[in-house]
Structure formats: C-alpha cells, structure tokens
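The values are calculated or read from the model by the stated rules, or taken from the named source; none is laboratory data. Bear in mind that the values here come from a model prediction, so they are computed numbers and not experimental data. Note that we place each Cβ from the backbone using ideal geometry, even for glycine, and neighbour counts take in every protein chain shown. To get the accessible areas, we keep the full protein, side chains included, count just its heavy atoms, and leave off ligands, DNA and RNA. Shrake-Rupley method; radii C 1.70, N 1.55, O 1.52, S 1.80 Å.
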Amino acid sequence: MSRRWKTSILLLGMMSVLTGCFGEKQVLEPLDEGKGKLKVTYYSEKSFYRDYGNYFNIKFPDIEVEVISTAETDMEELLDKQKPDVVLLSEHMFETYAQQGKLYALDDIIAQEKFDLEGYMPGLIDMIRTKGRGKLYGLTPYFYNEVIYYNRDLFQAYNIELPRNQMSWQEILALSKRFDGMRTGDNEIYGLYQSPSSLLINIANTLSLQVFDAKGEKLRIRSDGWEQAMQMATDAVRNYPPGQVEGMNNLFLMGKAAMIMDGPWFAKELQRAPLHNKTLSTMNWDMVTVPVDLKRPDESSKVRLTKMYAIMADSTNKRAAWEFVQFVNGLSMEKVASRNPISTLPTRHQFFKQLEGRSTEPFYMLKPRLSTESSPPEGSWGFWVGYGNKHVPEDFYSPFNELLDKSLQAVMQHEITPEEAVNELDAKGQLLLNKTHAEEIKKKEAESAKENVDAKK
C-alpha cells in the first residue's frame with residue numbers, strides 16, 4: 001500500500017473519531033462545576049429529606065433544592081405559581097400531564113446516560129410508556145401489586161393441595177370450595193374470603209370485562225362475561241358470613257379462612273398481629289400470584305404505579321432535575337427502598353428477594369396488564385375498587401356500589417338469576433350514570449358562571 005493511501009486512511013480515521021467526539025450534541029448539558037438549582041414537589045419538606053433529600057445532598061452537595069409541599073394544595077395552582085422542576089405525581093395525574101404535553105420526555109437522556117432500565121420489574125416500563133402514548137415521561141422507584149396469601153397449615157390439615165402461581169379464577173374458587181363444611185372445633189373454615197362485590201370486580205378485572213364505554217357515557221355490564229363473573233362470585237361466597245374488609249382480614253388472621261388477596265403490607269400484619277393479640281397464633285403462611293386470565297397467563301390486572309417522578313416540560317433546570325430523577329430511581333436508592341417496604345414494592349427485584357422470610361417472586365412474576373383506557377383519579381372510589389373511568393363523575397360510584405351489593409345479595413339468596421341481576425344492574429346503573437353526568441354539567445356551569453362574575457368585580 002502506498003504512503004499516500006496510508007495517509008488518507010489515517011486522516012479518515014481521525015475525522016471519524018473527531019466527529020464522534022464533537023459532532024454528537026448532548027441532550028442535556030452537564031452541570032457547571034456540579035452546581036444547580038432545583039424545585040421539587042413532595043408531601044412535606046421533612047418527609048422529603050427523610051426519604052431522599054439527605055442522600056441526594058451527599059452525592060450532589062452543590063445542587064440547591066427547594067421543596068414545595070403538596071399537602072392540602074391544588075396541584076394545578078401549585079404548578080402555575082411555583083413552577084417546579086420535578087413533580088411527584090399519582091398514576092392518574094402522571095398520565096394526564098404526559099398526554100397534555102406538560103412533561104419532559106426522558107427517552108433521549110436515558111439513552112445518552114445509558115440509564116439501566118433492564119432491572120425493572122418485567123413490563124413496568126412498558127406500562128409507563130403506555131401512559132405517555134409511547135414515550136417515557138417519568139420513572140418510579142415503587143409500584144403496588146397483590147398476591148394470594150394462604151394458610152399452609154389449613155391446606156395440609158384437610159389434605160387439600162396448595163395454591164399455585166398463575167391459577168385461573170375457576171381453579172382458585174374450586175380450591176376454595178373444597179373448604180365448604182370444614183370445621184375446627186366450633187369454628188367453620190372458609191376458603192378464599194372476600195366481600196361479594198370485591199370478588200366480582202377482581203374477577204371482572206382479570207377477565208378484562210369493562211363497566212363503561214371509553215367515554216364513560218354508557219354501561220357495558222349486559223354481557224355473558226359479566227353474567228359468568230357474577231355466577232362465579234356469588235357461588236363462591238353464598239355461605240360466607242357478612243363482614244367488612246377488616247373483618248375478612250381478621251378471619252384469615254384467626255385461622256378461619258384459608259386464603260385472602262391483599263398487598264405487601266399484609267405480610268407485615270401477619271407477623272405483627274400475634275404480638276399485639278395473644279388470642280392469635282403465629283401462622284405458617286405463604287404467597288402465590290393473583291389469579292390470571294388463561295388467555296394471558298403472564299399478566300396481572302392488580303399492578304398500580306405509585307410515586308411517579310417526572311420533569312416539567314417548561315423547567316429551566318432540566319439537567320439538575322434529571323440528576324434527581326435518575327438518583328431516586330437508581331440502584332443506590334433501590335437498595336435503601338428494599339430494606340423495609342410496607343405498602344409498596346421496589347420496582348427493581350434484584351435487591352428484594354424476600355418479604356418476612358418468604359420469596360417475593362409472586363409479586364414480580366406477572367407483567368402489568370397494559371390498558372389503553374385512562375386510569376381514574378387516585379384516591380377516588382372508582383380507582384380503589386378497580387373499575388373507575390376518569391370521565392365518570394365521582395358521585396356515581398358510591399350509589400352504584402349499593403346497587404351492585406343489592407344485586408349480588410339477591411342472587412346469593414336465589415331471588416333472581418345472574419342474568420336477571422346483570423340486566424337490572426345495567427338498566428338502573430345507566431339511569432344513575434345519566435343523572436350524575438347531568439348533575440356534573442350543572443355543577444361545572446355554575447362554577448364557570450361564578451368565575452365570570454368574580455372576574456368582572
């Protein structure tokens with residue numbers, strides 16, 4: 001090869017290196033000498049520094065942080081007045097702000113920084129992207145999920161096979177049915193103990209049955225799926241004693257129920273309860289996944305996002321904001337989060353293998369069910385029962401639940417059939433939905449009129 005060719009190849013190689021070094025524009029420029037300012041929304045300044053602030057200050061001592069308390073504050077008003085850089089959002093608020101273009105998309109900075117997304121619970125990042133219609137507008141170090149807790153001793157005492165991961169509702173309820181008529185002394189033993197309405201909604205959620213149309217204007221209960229779900233729920237609990245959620249948990253704690261479905265906090269309660277109530281015995285318990293739809297056996301409808309951290313699109317301190325978001329969701333804070341979770345779970349499974357001596361695999365085994373429907377406001381009645389719709393007025397849910405309870409009781413007492421119950425619930429529920437929508441429109445018109453009068457004063 002001639003010297004001229006060698007020189008040309010060398011120059012081309014140098015140009016390629018220089019292009020890689022100088023041609024690629026930084027998504028977010030690094031902080032100037034590590035210095036920066038940051039406004040963060042949180043429950044309170046005290047809780048912020050307890051949970052994150054003290055750790056963050058150690059790593060970034062030159063980033064000045066101002067905490068904006070969200071306690072008893074309207075979020076829209078707070079955003080307008082305080083102009084925060086990083087916001088702590090519920091799942092519903094995160095989805096709303098992301099789709100309104102109020103949040104900064106993290107995809108490019110995550111790629112640039114090579115931020116690790118592989119360690120997250122399977123499917124969780126896809127769930128967050130769904131909320132942002134394909135883009136990643138935030139991250140969360142925690143999520144919520146549920147499992148089936150079961151009393152191993154009761155199953156073994158009556159020679160009934162133990163629950164397994166990824167059972168269907170038909171399988172779980174058949175297992176539960178085998179405890180019918182079982183007794184320990186004067187105590188009757190029950191299988192899976194839930195209220196009729198909770199059980200119905202859990203079955204419906206697993207089978208992707210919809211209560212409303214997408215706009216929240218029409219009920220969609222009049223269907224074979226809902227009829228089947230009502231039949232399953234009422235057959236399962238027809239002979240159970242009445243009670244509220246607390247009572248049901250106590251029945252399990254007292255060894256009178258073989259299974260119960262709940263979140264991670266209940267594992268703590270199982271360990272703590274015998275210490276505070278001497279009538280309770282330490283239980284030999286374990287966990288399996290919630291029931292699944294056999295058409296999609298690797299998915300759960302119980303996963304909820306909590307503590308979503310996002311950067312405002314109009315933030316002037318995006319680099320400092322990103323440093324905070326990636327710190328909160330990074331490996332070092334995940335180790336801290338894994339030490340003592342209570343009501344939520346760390347999004348990274350690698351540091352959280354056991355909960356009260358039991359494997360945490362049932363919490364992480366199933367991917368979140370992805371839905372194109374918008375989630376209702378967190379804290380609303382509809383959110384917690386699992387069939388909310390953000391377009392449905394909050395005033396609808398409580399009276400509708402009363403209708404639902406009456407329908408279930410009538411079926412359990414053989415007064416009407418599941419088909420009749422579904423048709424009646426759909427008809428009465430639609431009238432109620434129409435009424436609450438009309439009342440909501442009047443309410444908004446009155447508020448708008450009052451704002452116009454105030455503006456003219």
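The set of residues from the stretch 50-100 being over 22 Å from residue 30 (Cα atoms), part of a strand (DSSP E or B) and touching a helix residue (DSSP H, G or I) at 6+ places or on another chain (Cβ under 6 Å) comprises 67, 68. The set of residues in the stretch 101-116 being in a loop (DSSP other than H, G, I, E, B) and either in contact (Cβ under 8 Å) with a residue 60 or more places away in the chain or out of contact with any helix residue (DSSP H, G or I) (no Cβ under 9 Å at 6 or more places or on another chain) (or both) consists of 101, 102, 104, 106, 114, 115, 116. Here residue 202 clears all of (1) crowded, with 21+ Cβ neighbours inside 10 Å; (2) in a loop (DSSP other than H, G, I, E, B); (3) at pLDDT below 95; (4) not aromatic (Phe, Trp, Tyr) except the condition numbered (2).
Within the stretch 336-351, the set of residues being more than 14 Å from residue 51 (Cβ to Cβ), more than 18 Å from the chain's Cα centre (by Cα) and not aromatic (Phe, Trp, Tyr) comprises just one member, 350. Among the residues of the stretch 150-165, those that are open to solvent by less than 70 Å² (accessible area, probe 1.4 Å) and either of a type outside the set (Val, Ile, Thr) or under 19 Å from residue 292 (Cα atoms) (or both) comprise 150, 151, 152, 154, 155, 158, 162, 163, 165. Find the residue count for the stretch 300-323, including only residues that are among the charged types (D, E, K, R), modelled with pLDDT of 95 or more and under 21 Å from residue 120 (Cα atoms). Number satisfying all stated conditions: 1. Cβ-Cβ contacts under 7 Å between residues 6 or more apart (or on different chains), taken from a first residue in the stretch 117-138 that is open to solvent by 50 Å² or more (accessible area, probe 1.4 Å) to a second residue that is of a type in the set (Lys, Arg) and part of a helix (DSSP H, G or I), are listed as 135/129. Of the residues in the stretch 50-67, not one is modelled with pLDDT of 90 or more, open to solvent by 40 Å² or more (accessible area, probe 1.4 Å) and under 24 Å from residue 300 (Cα atoms). Of the strands (runs of 3 or more DSSP E) lying entirely inside the stretch 254-372, not one is found with 3 or more residues being touching a helix residue (DSSP H, G or I) at 6+ places or on another chain (Cβ under 7 Å) and surrounded by fewer than 19 Cβ atoms within 10 Å (Cβ to Cβ).
Which residues, counting only those in the stretch 175-194, are outside any loop (DSSP other than H, G, I, E, B), open to solvent by 50 Å² or more (accessible area, probe 1.4 Å) and within 12 Å of residue 259 (Cβ to Cβ)?
Listed by number, the list holds a single entry, 177.
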